[in-house]
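Undergrad: A single structure is presented below for examination.
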Amino acid sequence: MSPRTRTRNTIWRCYMPDRLFLRVWGHCYNPLTLRIDPSIHFQVRVEGPLDFAVIDMILDTGATLVTIPTSVANDLGYSLYQPGDMQYLTTPSGIVHAPIITLISVEVLGVAATGIRAACIDMPGSMTFAGLLELSFLRIFDVDLHFRSGVIRFN
């Protein structure tokens with residue numbers, strides 16, 4: 001099976017209130033505690049109307065929206081440059097005017113949520129990651145982050 005093959009019908013999901021489901025090796029957990037290295041990249045599965053993609057992201061708790069590259073958003077089936085939801089965002093590279101989309105789902109470390117708003121921004125070429133996992137994903141959960149011990153807990 002190619003990595004871009006649709007697997008929507010074969011993914012076992014556990015639905016919970018507030019657009020939340022936890023899926024770890026086919027079992028539902030609540031709460032879920034995971035060990036992380038805050039400096040690592042996460043493999044994040046993002047799903048749009050036509051397809052899904054797995055992209056490298058880093059955790060950024062200082063911003064408000066998940067970001068994905070514009071090319072990924074186009075591949076997922078979003079039309080970015082028609083009149084619609086655009087927003088000015090402050091980035092390390094300056095202020096950008098970015099299209100805002102709503103992803104069908106975002107999944108990382110076996111934890112997923114639906115209806116996540118994301119900004120479509122291309123990272124500078126020197127970056128080793130494609131997007132940012134930010135508060136629009138994390139604020140759905142009651143999350144405890146313990147960076148010194150490398151633990152993230154989804155309550």
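Undergrad: From F137, F147, grab the single residue that is aromatic (F, W, Y), within 18 Å of I58 (Cβ to Cβ) and in contact with a strand residue (DSSP E or B) (Cβ under 7 Å, 6 or more places away or on another chain).
TA: Numbers: F147 fails: in contact with a strand residue (DSSP E or B) (Cβ under 7 Å, 6 or more places away or on another chain).
From the options F137, F147, the qualifying one is F137.
Undergrad: Which of the residues spanning region 108-129 are in contact with a helix residue (DSSP H, G or I) (Cβ under 7 Å, 6 or more places away or on another chain) and surrounded by fewer than 20 Cβ atoms within 10 Å (Cβ to Cβ)?
TA: R117, D122
Undergrad: Considering only region 115-155, how many residues are under 17 Å from I55 (Cα atoms) and β-branched (V, I, T)?
TA: Qualifying residue count, region 115-155: 3.
Undergrad: Filter the strands (runs of 3 or more DSSP E) completely within region 39-128 down to those with at least 1 residues that are modelled with pLDDT under 95 and over 29 Å from F154 (Cα atoms).
TA: On the way: elements: 42-47, 52-59, 66-68, 86-91, 94-108, 111-120.
Because the criterion is at least 1 residues that are modelled with pLDDT under 95 and over 29 Å from F154 (Cα atoms), the strands (runs of 3 or more DSSP E) in region 39-128 that meet it are 86-91, 94-108.
The values are calculated or read from the model by the stated rules, or taken from the named source; none is laboratory data. None of the values given here were measured: they were computed from a predicted structure. Quick reminder, even Gly has a Cβ in these numbers, built from the backbone with ideal geometry, and neighbours come from all protein chains shown.
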